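Rule-based calculations on the coordinates, nothing more; no lab input. If you're wondering where the values come from, they're calculated on a predicted model, not measured in any experiment. Backbone-built Cβ (ideal geometry, glycine too); neighbour counts: all protein chains shown.
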Amino acid sequence: MHRYLCGQTDNCMNMEIVSIEKKTFEMMVAAFGALSEKVAALRRKSDTGRMERWLTGEEVCGQLRISPRTLQTLRDRRLIGYSQINRRFYYKPEEVKRLIPLVGTLYPHGR
């Protein structure tokens with residue numbers, strides 16, 4: 001690593017020149033390219049509105065007409081898929097729609 005300092009005092013900047021192997025540089029460029037493609041794909045998905053809106057537990061309970069405890073039982077029995085962020089659970093709308101006909105047979109007396 002080489003350090004060069006400019007001769008002017010008012011516009012002086014510190015510049016480092018780092019030498020790396022060509023193969024390492026090419027791998028870095030490829031990795032940045034792949035990352036750029038992933039970001040672009042996510043942006044396109046977001047722009048077209050296809051990003052899913054996940055439902056909260058309260059919304060799921062309301063749609064399925066079940067109690068929070070029943071929802072927890074569905075999670076515990078792995079009958080509904082979910083994602084957890086910190087202490088909150090989120091559910092895909094497809095999971096809730098899939099369970100609508102089943103909830104009446106699993107829990108015939110409602111809550």
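What length, rounded to one decimal in nm, is gained on full extension from Glu59 through to Glu37, with 0.36 nm per residue of separation minus their alpha-carbon distance?
Going from the current span to full extension adds 4.5 nm.
For region 81-91, just list the computed ³J(HN,Hα) in residue order, Karplus coefficients 6.51, -1.76 and 1.60, θ = phi - 60°, integers in Hz, with x standing in for Gly and Pro.
x, 7, 10, 10, 10, 6, 9, 9, 10, 10, 10
Take every Cα pair under 8 Å in region 55-106 that's 6+ residues apart, average their separations, divide by the length, and report that relative contact order as a whole percent.
Relative contact order of region 55-106: 40 percent.
Ranked from highest to lowest mean number of other Cβ atoms within 10 Å per residue, what is the order of the peptides 29-39, 84-94, 69-79, 14-24?
69-79, 84-94, 29-39, 14-24
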